[in-house]
1. Six or more apart or on different chains, Cβ under 6 Å: which pairs go from a residue in the stretch 265-279 that's touching a residue at least 24 places away in the same chain (Cβ under 8 Å) to one that's aliphatic (A, V, I, L, M) and open to solvent by 40 Å² or more (accessible area, probe 1.4 Å)? Could you list them?
2. Against the conditions (1) of a type in the set (Ser, Thr, Tyr); (2) surrounded by 12 or more Cβ atoms within 10 Å (Cβ to Cβ); (3) without any contact (Cβ under 8 Å) to a residue 12 or more places away in the chain, where does TYR140 fall short? Just the number, please.
3. Taking the condition of being at pLDDT 85 or above and assigned to a loop (DSSP other than H, G, I, E, B), how many residues in the stretch 70-84 meet it?
4. If I filter the stretch 179-232 down to residues being under 30 Å from PHE79 (Cβ atoms) and of a type in the set (Val, Ile, Thr), which single residue comes out as modelled with the lowest pLDDT?
5. Pairs please, first residue from the stretch 287-316 and open to solvent by less than 10 Å² (accessible area, probe 1.4 Å), second anywhere and acidic (Asp, Glu) and modelled with pLDDT of 80 or more, Cβ atoms under 6 Å, 6+ apart in sequence or on different chains.
6. Would you mind finding the one in TYR176, TYR130, TYR140, TYR123 that is among the hydroxyl-bearing types (Ser, Thr, Tyr) and under 27 Å from GLY84 (Cβ atoms)?
7. Those residues that are of a type in the set (S, T, N, Q), farther than 19 Å from SER115 by Cα and open to solvent by less than 50 Å² (accessible area, probe 1.4 Å), I need them from the stretch 1-44; list them, please.
8. Assess whether HIS260 counts as being modelled with pLDDT of 80 or more and either within 25 Å of GLU348 (Cβ to Cβ) or open to solvent by 50 Å² or more (accessible area, probe 1.4 Å) (or both).
Amino acid sequence: MHEELENFERNHVWDLVEPPPNCRPIGTKWVFKNKRGEDGMVVRNKARLPGVSSKEGIDYEETFAPVARLEAIRILLAFAASKGFKLQQMDVKSAFPNGLIEEEVYVRQPPGFESARFPNRVYKLRKALYGPKQAPRAWYARLKSFLLKSGFVMGSVDKTLFLLSRGGDTTIVRIYVDDIIFGGSSHALIKQGPEGTFVHQAKYTRDILKKFDMGDSKPMTTPMSTNTALDADEDGEAVDRRISRDDRLTFVPDGDQAGHSRVLGCDHAGCRIDRKSTSGTCQLLGTSLVSWSSRKQASVSLSTTKRVWKNPSSSGLYVCYFVAKNPVLHSRTKHIDVRFHFLRDHYEKGDIDLVHVASENQLADIFTKPLEFGAFVRLR
């Protein structure tokens, strides 16, 4: 707690003042958290002092702050690995109290640290706390201003990406709230080995197993047995249907990372209860997986074309393949949405290429079907 308040004093976060007329100060409370390492041991005790009970139109106006998508972070990792860039990650300590706020906001004195001399005074904020709604926006604006003044150029589409080019070297900065990934072509920032960059969920997996008392369970070689038949639990609770099967991603140095591709797959009528299909996609930057999805479709499909057409995650590429390669089918595809013909037009212009993938090489099967061990390992 003392460390938190010392940070506030050092950053001049607030001023102790007499409350103005009709002042409605925001409450404060202490929040405590133990930060644990990968081995589960406590490595630090943290105390935060967020503000609470702020009101729109009184304590804040705008709150939106850009946040990098996880897919964008994976694309950055894949791109950096392909170019031999070196990356580092940093977590900004007490990030939000560095953000300047525009509104006039007052907060009560911290519990247990009230001034003996001025117990009725309140703090007027100069910078943000962790509780107020505009805190992420204020922090992003401060960091963005610093990067732009330092010569970085902000992405025209992705506002969390900043680039700096000097003397033939490129520096990249990616912002995810108070976590920052940065690096570039200069090997002075070396952290990665020559074999590439690895992202894994080992600690998260161990925590989940410990939570459900499964730490001593026997590991499986594949996510699902080919002999397993699952039935609906009529008395069970609904679960999130989104699936994530990747426990470790590898981004390796590869000179052929310029292309971006999407692989589409489907387990047609795979559900033995209602015969609905499962669709899967995986998107790659060169040879690196950066995004994926797997979901059960909402309705029963009678054909391959209808099956993919009804799946919004496919973006119509699979349908475009059949339409572009088989002109005789055009008379039967009037139901296809305009966006699919838009993609077909780009195919004919050569802007995109559509390639048929043989079943044995269908990468998306790893997200939609229970596979034999050999096929699972090969595709993985």
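1. Correct list of pairs: ILE273/ALA232; ARG275/VAL300; LYS276/VAL300.
2. TYR140 satisfies all of (1) of a type in the set (Ser, Thr, Tyr); (2) surrounded by 12 or more Cβ atoms within 10 Å (Cβ to Cβ); (3) without any contact (Cβ under 8 Å) to a residue 12 or more places away in the chain except (3).
3. Qualifying residue count, the stretch 70-84: 0.
4. Only one residue fits best here, namely ILE190.
5. VAL290/GLU71
6. Working: TYR130 fails: under 27 Å from GLY84 (Cβ atoms); TYR140 fails: under 27 Å from GLY84 (Cβ atoms); TYR123 fails: under 27 Å from GLY84 (Cβ atoms).
Sole residue among the options that is among the hydroxyl-bearing types (Ser, Thr, Tyr) and under 27 Å from GLY84 (Cβ atoms): TYR176.
7. Quick first cut of the stretch 1-44, residues of a type in the set (S, T, N, Q) only: 7, 11, 22, 28, 34.
Adding the requirement that they be farther than 19 Å from SER115 by Cα leaves 11, 22, 34.
ASN11 - this is the single residue of the stretch 1-44 that is of a type in the set (S, T, N, Q), farther than 19 Å from SER115 by Cα and open to solvent by less than 50 Å² (accessible area, probe 1.4 Å).
8. On the way: modelled with pLDDT of 80 or more: no; either within 25 Å of GLU348 (Cβ to Cβ) or open to solvent by 50 Å² or more (accessible area, probe 1.4 Å) (or both): yes.
No, not satisfied.
The values are calculated or read from the model by the stated rules, or taken from the named source; none is laboratory data. The shown structure was predicted, so the numbers you read here are calculated from the model rather than taken from an experiment. Reconstructed Cβ throughout: ideal geometry from the backbone, glycine too, with neighbour counts over all protein chains shown. When the accessible area is computed, the model is the full protein with side chains, heavy atoms only, and any ligands, DNA or RNA have been set aside. Shrake-Rupley method; radii C 1.70, N 1.55, O 1.52, S 1.80 Å.
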